[in-house]
Amino acid sequence: MDLSDARQQRFASLHDCFTRELVAGARPIDPRPEVMTSPCDAIVGSCGQVQGPQLFQAKSMGYSMRDLFGESQDIEPFLDGVYVTLRLTSAMYHRFHAPHDLEVEHVTYLSGDTWNVNPIALARIERLFCRNERAVLRMRLARGGHPIALVPVAAILVASIRLHFLDVLLHLRYRGAHEIGCRAGFAKGQEMGWFQHGSTILVFAPRGFVLCPGIETGAKIRMGQPLMALPATS
């Protein structure tokens with residue numbers, strides 16, 4: 001674990017260490033308006049084009065976007081679109097940030113299991129992301145009005161997700177509304193929330209978006225680095 005860029009060097013608990021903040025400027029944000037950046041530090045998992053409503057958690061292990069998003073969500077904007085799976089390891093920085101200037105329009109919380117989401121589990125357990133606790137964040141970019149979605153997926157020891165714009169902690173004992181309408185604006189790179197440990201964030205964009213060079217399975221990426229290019233007409 002590299003704590004050289006952490007705001008503090010001593011912690012009261014492991015939890016405090018895992019949810020640590022960074023010193024200012026530790027993650028430069030790509031300023032280009034035509035680029036959507038990574039919301040977190042991660043290792044890139046499965047990524048590429050959504051095949052209709054189908055995508056992959058591992059080689060030949062597919063699942064449906066409908067199962068991931070839940071029955072209440074409209075998946076039409078992302079059919080045949082682009083997706084990236086971003087896996088956070090336990091040693092990584094666990095906060096996530098806005099990938100572009102945007103507004104959060106709706107959150108769907110889906111309670112579930114807390115299976116480990118490491119590559120071994122993803123290769124063996126079908127529809128793993130669809131089984132675990134997760135939140136579907138529906139957003140709209142300020143540039144071009146494009147809809148995007150972030151899906152933070154909880155995992156073992158990560159049974160809670162904190163979002164700055166909601167005054168609730170989403171976890172397995174949460175008994176509040178699971179459909180949460182909101183209007184929360186964020187600037188590119190602004191912190192949106194964090195996991196209580198480490199897990200996965202899936203990023204979805206419509207047709208016309210393109211993965212940036214170097215975004216492929218196994219690549220390491222840091223928050224603020226280029227992830228997807230917006231359509232040229234934006």
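Below are the figures for this structure:
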read-out: Interatomic Cα distance distribution for region 7-56, bins of 5 angstrom, percent; value: 4, 13, 14, 16, 17, 12, 11, 8, 4, 1
read-out: Full-stretch length increase - Arg140, Gln49 - with 0.36 nm per residue and alpha-carbon distance subtracted; value: 30.8 nm
read-out: Residue among Gly181, Phe129, Pro33 farthest towards the positive dipole end of the chain, charges placed on Cβ; value: Phe129
read-out: 11 Å beta-carbon shell around Asp74, net charge (K/R +1, D/E -1); value: 0
read-out: Qualifying trypsin sites (Lys or Arg not before Pro) in region 109-151, DSSP loop, other Cβ atoms within 10 Å at most 16; value: Arg127, Arg143
read-out: Computed lengthening from Ser4 to Arg32, 0.36 nm per intervening residue step minus Cα-Cα distance; value: 7.3 nm
read-out: Computed label-point distance, nm, for sites Leu22 and Thr233 using a 7 Å Cα→Cβ extension; value: 3.5 nm
read-out: Residue range of the chain that is longest and free of chymotrypsin sites (Phe, Trp or Tyr not before Pro) which are both DSSP loop and sparsely packed (at most 16 other C-beta within 10 Å); value: 12-164
read-out: Nearest-0.05 FRET efficiency for Glu105 and His15, computed from C-beta distance (R0 22 Å); value: 0.10
read-out: Gain on full stretching of the segment that runs from Leu79 to Ser60 - 0.36 nm per residue minus C-alpha separation; value: 4.9 nm
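Every read-out reported here was derived from the displayed coordinates using simple, explicitly stated rules and does not represent laboratory data. Everything quoted here is computed from the prediction, not taken from an experiment. Please note: Cβ atoms are built from the backbone with ideal geometry, for glycine as well, and neighbour counts cover all protein chains shown.
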